[in-house]
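Data first, discussion second: the structure below is written as structure tokens.
The values are calculated or read from the model by the stated rules, or taken from the named source; none is laboratory data. Treat the numbers as computed from the prediction; the structure is a model and nothing was measured. Cβ coordinates were reconstructed from backbone atoms using ideal geometry, including for glycine residues, and neighbour counts include every protein chain displayed. Accessible surface areas use protein heavy atoms only, side chains included; no ligands, DNA or RNA. Shrake-Rupley method; radii C 1.70, N 1.55, O 1.52, S 1.80 Å.
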Amino acid sequence: MIIYKFDDNGFYQGTKEAPEDYQVGAYETTIAPAFKPNGHSTFDGSTWHDLSETAYMQANPAPKDEKRIIPPISPLPQPTQEQKMIAKLGADVAQTQQMIAKLATIVKPQGGQANE
């Protein structure tokens, strides 16, 4: 006979082979699930249930000190060659404007006043 084992929350823990005269213990049953059980399957005392990943996570939350695996974030899109050239042109224009402003403070206008 096949014995289906589950934990104190009802989650499937595996099976074991037992003789026909075996007395079922705590957290064990001879009731077979109608599907292939896995770690997300639960037993409510009379019926096996196959939980989805989402339902499993809600029924079995991670302890506060445990980290769940978070899927990686998609990389940011890379700028095109045209966008890179426009950015460089903008930086060049800004640099030129700074040089013009600096030269304007150095160079003084000449002429215009006559000696009296």
Notebook entry, point to check: Name the pairs whose Cβ atoms lie under 7 Å apart, with the first residue in the range 16-34 and among the aromatic types (Phe, Trp, Tyr), the second at pLDDT below 90 and outside any strand (DSSP E or B), and 6 or more positions between them or separate chains?
Noted result: Tyr27/Asp8
Margin query: Just to be sure I understand, how many residues within the range 55-73 are open to solvent by less than 90 Å² (accessible area, probe 1.4 Å) and either polar (S, T, N, Q) or modelled with pLDDT of 85 or more (or both)?
Written below: 1
Next item on the list: Working carefully through the options Thr42, Thr96, find the one that is at pLDDT 70 or above, open to solvent by less than 70 Å² (accessible area, probe 1.4 Å) and either within 30 Å of Gln13 (Cβ to Cβ) or part of a loop (DSSP other than H, G, I, E, B) (or both).
Entry: Thr42
